[in-house]
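Notes follow once the structure below has been shown.
Only the coordinates and a few stated rules stand behind these numbers; no lab work does. Because the structure is a prediction, the values reported are computed rather than measured. All Cβ positions, even for glycine, are placed from backbone atoms using ideal geometry, and neighbour counts span all protein chains on display.
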Amino acid sequence: MNKVTTSTLIIFFLIAGWVFYLTNIKKDDSLTVRYYSISELASESNDIQKIKVGGYIKPNSIDISEYDQLEVSFFVYQNNDSVKVTYYGIRPDLFKDDAEVVVSGSYANSLISATELQTKCASRYEGDLKNIEKI
Amino acid sequence: MISQIGSIAISLAGGLIFSSFIFLGLFKKFNNQTYLQVAERAILATSYCIFLAFFCLLNELLISNFNLQYVAQYTSYETPVFYKVTALWAGQAGSLLFWSFITALFAVTYTFTTLKKLKTLKFHSYIILAFIFSFFILLSNFIANPFEPVSSDIIVQNGNGLNPLLQNFFMAIHPPILYVGFTGSAIIFIMALAASISKDISFEWVQSIRRWSLFVWTFLSAGIILGGYWAYNELGWGGYWAWDPVENSSLMPWLTLTAFIHSSMIQEKRGMLKKWNFLLATSTYILVILGTFITRSGVISSVHSFTAENLGPMFFAFLAILIFYTVFWFFKRKSYLDTPDKIDSFTSREGGFLYNNLILILMCFTIMWGTLFPILSEAWDGNKIYVGASYFNQLNIPIGLVLLFLMGIGPLLSWNYTSQSVLLNRFKLPLSVSFLSGIGYMIFSSLFQIYVFVAIMGVSFTLSSILGEFYKSYKKQKKASNFLHSIGKMFLSNRHKNGGYIVHIGIVLLFIGFIGRAFEVEKEFSLSPGEQIYFSNYVFKLNSIKSEARDNHYAFLSEIDVVDSSTNQLLVNLKPEKRIYFYWNSDPEKRQPHSELDIYSTIQKDIYSIFSGYDAQKNIGYFKIMINPLVNWVWIGGVLMVIGSLFAFWPSRRDN
């Protein structure tokens, strides 16, 4: 076997190994997180160590602690289901009623303890028309 | 009136592009050049109609014609003129017209420059161009028409105005720059397909497609870097890259295009790798459309907000057709694209390029896999699994480090074959510098991290290798009267090569910036005026919190003294603000808070301050401080990349 063929074979096996690894990342908990819908979570009785959930903030559910403004709890809803979330930390500017959020953290006793709270970034701003007058 | 002209122009563009298909069909049937000429004119006329529609929309935005839904949604009387212009691409309908506008610009340029020289590619180029063009015109006509009037039973007194987050210079200019890159990659796609279908891959073609690639690459790079710069300076999470699907979507085509720019050099020099290059050139545009599909369909959850109209199925169909067409012609022209020449040795310049290609593609594949993983895993067993930033970092950092070393190894290799003795001789200097800096890091760093260690060695290896190459070229040429003149002459002597080296130095500087991320620290805390806190060798003292009503927002202004605790000297006075936009609105839901950052930026580190909340009753401010080392090197590296690429792209006298 000449040098070029050997090198080609080595490269081939390295790539094959890499691809095999990628197809198996599902088993690696440190790299992946399962996305749950709110309805799935509402009917979930087991605790889950790592979850990611997307939904909307239930109007009038934001409760900021009287003692520490960084402490907040709120409900995330989707259709008719909702789940309570607690979070400690600085909240994004767009955090308000009906804002779309993505929450990551753990789930126990029907409560999400969020470690990460993201609101949808405003790279597109599709709002309903305001300042209108009906004829 | 003007809006009606714009609306008619878009409809007319649709008719014209449709007619171009008919004339292309007639040309195919009767082989009469006149038909081809008419088709060409139809495509050009389509472009002119799109120009007209674009300027009509611009006019309506500038005069605040709120009878148009789009104008009312994205601007108001208070919107500054600059942002009225940038509202052109702030929403779905406008951005699609803007996409057509850039396609039109490229269609005209491609027809009058490239196709003037490569006449045999005209027919197939026009078919593909017309197809791509018609897709976007179709969307503008039937799905998201920017000239759509507001409902007849309402009067809009004032528009919504542009989101304050988007009222930032870099945010305003990064989408169009990125769009130029995205749209430009269509020309590379068209050229690759047209030349293969017509079996006419010539030396001129390779040169021409390389120039287009450099142009597109420059814009893609600038767009990506500017997006990061905006996120860092405006969004307030202290980072510039979050591995979000939208960001990944712009990085994937950048990687394949980078690979293409390198491997097409082998085709230019030795006529090899035609099949591989065909795949790279076509997959760049396919990845652009895949990215657009991801961005605009909402199939993957992203922090970037998506639009209300669902364009997903349309883009999916478009994507499927592009892939099918490309694969079909790839197999049909497989034997034509076969090249008898093989690479003689892997210790050669072309071998180096090949490694670089493999690494870039591996990186692209890894990112694509991670980005699409939620869809793939859901299709597999119904569970939607996301991969976090840890996946992208953990897998891409080692690949990136190999790439960093390869950038230094490449210039040391000769074409065809490099003998062992030559290799040893050339590697001596960069290897020694690399080892010395690695040892230096081990001695002086209090915290040893393996990736930082390898990155420092890689940075010094590649930097010394490239600077060594510059020195060699400088020594080789005839000396001019003074030093600066000699340096200038040296750089101009081979624009492509030296431009490439400048880009590589830019990327090395980016890596220096990336190293800084390993040392980032942050703290969240609350302070009342007069209180102070110690963090990471600095004392942060809150002097005051004041409030002020301004033109379009209400602001809480904080003032923080930052004292260097080692010297006890005042370093800087930071003034992060908390702003409330639309504060006059009686509905609190419509008010929008925004944290205006203040950053103390030096070449070594940034002190990044965010005023995130204010409790007026207790007079307590909530703050976040981040110490981000070496961030400025990312921007310097980015600028150098763009300069280097422009330098390589700019035609020299010899080219003319």
Item to check | Most to least packed among B:459-466, B:642-649 [average Cβ atoms within 10 Å] | outcome: B:459-466, B:642-649
Next on the checklist: Taking a cut-off of 15 Å, what percent of all Cα-Cα pairs in segment B:351-417 are separated by more than that?
Outcome noted: 60
Checklist outcome for this item: Taking only the Cα positions of segment B:91-193, the convex hull volume per residue in Å³ is 120
Next on the checklist: Just want the answer: with Cβ charges of +1 for Lys and Arg and -1 for Asp and Glu, which residue in B:F535, B:F582, B:Q604 is farthest toward the dipole's positive end in segment B:519-633?
Outcome noted: B:F582
Next on the checklist: List the pairs from B:K116/B:K472; B:K119/B:K497; A:K120/B:K624; A:K58/B:K541; B:K578/B:K605; B:K84/B:K117 whose alpha-carbon separation is above 32 Å, in the order I gave them.
Outcome noted: B:K116/B:K472; A:K58/B:K541; B:K84/B:K117
Item to check | Calculated [θ] (222 nm, deg cm²/dmol) that DSSP helices of n ≥ 4 give over the protein assembly as shown, each run adding -39,500 (n - 2.57) | outcome: -18500 deg cm²/dmol
Item to check | Tilt relative to chain A, helix A:3-23 - C-alpha long axis, 0 to 90 degrees, to 10 | outcome: 30
Checklist entry - What is the mean number of Cβ atoms from other protein chains located within 10 Å of the Cβ atom of each residue in peptide A:25-37, rounded to a whole number? => result 6
Checklist entry - In whole angstrom, and with the biggest value first, how far do the Cα coordinates of segment B:515-590 range along each principal axis? => result 49, 31, 20
Checklist entry - In a solvent-free Debye calculation with one equal scatterer on each Cα, what is log10 I(q)/I(0) for chain B at q = 0.09, 0.10, 0.12 Å⁻¹, listed in the order of the q values? => result -0.88, -1.07, -1.41
Item to check | For segment B:186-242 versus segment A:45-64, the gap between their alpha-carbon centres in whole angstrom | outcome: 40
Next on the checklist: Could you tell me the extents of segment B:425-519's C-alpha atoms along the three principal axes, largest first, rounded to whole Å?
Outcome noted: 49, 26, 21
Next on the checklist: Between segment B:568-615 and segment B:4-22, what is the separation of their alpha carbon centroids in Å?
Outcome noted: 48
Checklist entry - Looking at segment B:503-656 from every direction and averaging, what is the projected area of its Cα convex hull in nm²? => result 13.9
Checklist outcome for this item: For the protein assembly as shown, the dipole about the Cα centre with charges only on Cβ (Lys and Arg +1, Asp and Glu -1), to the nearest 20 debye, works out at 4420
Item to check | Pairs of Cα atoms farther than 16 Å apart, segment A:33-119, % | outcome: 45
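Ratio to report: Rg/Rh of segment B:172-215, with Cα atoms as the point set and Rh obtained by the Kirkwood method; give two decimals. Mind dumping the intermediate values first?
Details: Rg = 12.5 Å, Rh = 11.3 Å.
Taking Rg over the Kirkwood Rh, I get 1.11.
If packing is taken as the mean number of other Cβ atoms within 10 Å per residue, what is the order of B:593-606, B:528-541, highest first? It would help to have the intermediate numbers written out before the result.
Values: B:593-606: 17.2, B:528-541: 14.7.
Order by mean packing, descending: B:593-606, B:528-541.
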Item to check | Per-residue average of Cβ from other chains inside 10 Å of B:282-290 | outcome: 0
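Take peptides B:225-232, B:491-498, B:267-274 and line them up by average Cβ neighbours within 10 Å, highest first, as a rough protection proxy. Could the numbers behind the result be given before it?
Working: B:225-232: 21.9, B:491-498: 16.1, B:267-274: 18.0.
Listed from highest to lowest mean packing, they are B:225-232, B:267-274, B:491-498.
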Checklist entry - What's the percent breakdown of Cα-Cα distances in segment B:566-636 across 10 Å bins, shortest bin first? => result 17, 36, 29, 14, 4
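Kirkwood Rh, the protein assembly as shown, all Cα pairs: how many Å? List each step's numbers first, then the result.
Numbers: mean 1/r = 0.0346 Å⁻¹.
Kirkwood radius, the protein assembly as shown: 28.9 Å.
Hey, what D do you get for segment B:1-162 in µm²/s if you plug the Kirkwood alpha-carbon radius into Stokes-Einstein at 25 °C and 0.890 mPa s? Working shown, then result.
Values: Rh = 16.5 Å.
Estimated diffusion coefficient is 149 µm²/s.
Give me a single rounded figure for B:380-388: the average over its residues of other chain Cβ atoms within 10 Å of their Cβ. Please report the intermediate quantities before stating the final value.
Working: counts 2, 1, 0, 5, 7, 8, 9, 7, 8.
For peptide B:380-388, the averaged partner shielding equals 5.
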